[in-house]
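S.K.: Attaching a single structure in structure tokens format; questions to follow.
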Amino acid sequence: MMEVMVAKTRSGGTPLPGEQYEYRVLTLPRATSRSDARKLLTDHAEYGRWELARVVLYMGGGRKVWLRRKIIRVARTA
């Protein structure tokens with residue numbers, strides 16, 4: 001079974017009005033195959049509406065993946 005470390009953070013820069021993103025960082029160990037990583041990222045994209053923001057492949061074979069999704073603020077009407 002694949003173990004994934006997950007950390008949630010919010011954007012800290014100066015985004016344009018209405019364009020704020022929520023980020024999720026996944027750390028995949030070196031034992032994770034390419035197909036397992038692809039399945040995991042596809043599931044996050046399909047069911048959680050995450051999109052791929054950045055991937056870093058380390059020398060030891062581990063990967064760190066940043067996913068993001070837009071935060072939609074709803075204006076109160078009443």
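The values are calculated or read from the model by the stated rules, or taken from the named source; none is laboratory data. Model, not experiment: these values are computed from the prediction. Here Cβ is always computed from backbone atoms with ideal geometry, including for glycine, and neighbour counts include all displayed protein chains.
S.K.: Would you point out the residue of the stretch 58-69, among those that are over 11 Å from residue 25 (Cα atoms) and surrounded by 13 or more Cβ atoms within 10 Å (Cβ to Cβ), that is farthest from the chain's Cα centre (by Cα)?
M.R.: Among those residues, the one meeting the criterion is 62.
S.K.: Continuing with the same structure: Which one is farthest from residue 59 (Cα to Cα), of the residues in the stretch 23-44 that are without any contact (Cβ under 8 Å) to a residue 12 or more places away in the chain and part of a helix (DSSP H, G or I)?
M.R.: That would be 43.
S.K.: For the stretch 45-57, what are the residues that are loosely packed, with under 14 Cβ neighbours inside 10 Å, in contact (Cβ under 8 Å) with a residue 12 or more places away in the chain and not charged (D, E, K, R)?
M.R.: Across the stretch 45-57, the qualifying residues are 48, 52.
Every residue, every condition in (1) exposed (fewer than 10 other Cβ atoms within 10 Å of the Cβ); (2) modelled with pLDDT under 95; (3) among the charged types (D, E, K, R), yes or no:
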position	(1), (2), (3)
4	no, yes, no
10	yes, yes, yes
22	no, yes, yes
37	no, yes, no
